[in-house]
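Read through the structure below, which is laid out as structure tokens, and then see the notes.
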């Protein structure tokens, strides 16, 4: 008679499940339904580096005046911010991870790798853990942003470390980047802005209760951008 098998530990119990992507609450607006103010906002934005309205800008277009203000903030964080692009992208992804924002994470993962962030660092951020082997400025950024998101402020020691590394201007830019992408995340999460084209979603919810049932199907090479989205990043390679 074979020996009795020990009961599975909680970590070994896996329930396989499928999920459905809920419908977009604020999808793209047909051109013939745009108001004059919306049409002007679309023309202003599509004539620039963005090339077209995509992602969070479709729900925000419901308030065209707000859209134009948001667009200017986005242009600053993307094209004019003095922070190292690697740090800019890490702050962006930390904001996206905090809100489990699939679209923003997907859009910036490849850019972060191209900017010099190690895929292992991004994998750790995706899993909600502190990355190992970070560069000094990355570690300072991680501690600063993590403390802000957890405590809604930072201690004197963390603040002093961030100012020593990035200067006061850099600290404000970091807060602005995390705040900007947190705002976009809130909007897209509420609007249920569409993302997937059949690939597994890149982020799992935290606390972690789910995992991909298809390991290896999502890799850095899978985080590709639409050509118009790639145009948006021209000049920040």
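The values are calculated or read from the model by the stated rules, or taken from the named source; none is laboratory data. It should be emphasised that the depicted structure is a prediction, and the values quoted were computed from it without experimental measurement. Note: ideal-geometry Cβ built from the backbone for every residue, glycine included; neighbour counts use all protein chains shown.
Could you list, in sequence order, the residues of region 95-104 that are closer than 18 Å to residue 58 by Cβ, touching a helix residue (DSSP H, G or I) at 6+ places or on another chain (Cβ under 6 Å) and assigned to a helix (DSSP H, G or I)?
Matches in region 95-104: 96, 103, 104.
Among the residues in region 86-94, are any assigned to a helix (DSSP H, G or I) and over 27 Å from residue 46 (Cα atoms)?
yes
Say we look at region 41-79 and pick out the residues that are out of contact with any helix residue (DSSP H, G or I) (no Cβ under 9 Å at 6 or more places or on another chain) and either within 23 Å of residue 173 (Cα to Cα) or touching a residue at least 24 places away in the same chain (Cβ under 8 Å) (or both); which of these is surrounded by the fewest Cβ atoms within 10 Å (Cβ to Cβ)?
72
Just to be sure I understand, how many residues within region 119-136 are surrounded by fewer than 17 Cβ atoms within 10 Å (Cβ to Cβ) and either part of a loop (DSSP other than H, G, I, E, B) or in contact (Cβ under 8 Å) with a residue 40 or more places away in the chain (or both)?
8
Would you check which residues across region 151-164 are assigned to a helix (DSSP H, G or I) and within 26 Å of residue 116 (Cβ to Cβ) and list them?
158, 159, 160, 161, 162, 163, 164
Kindly indicate whether residue 83 is assigned to a helix (DSSP H, G or I) and at pLDDT 95 or above.
no
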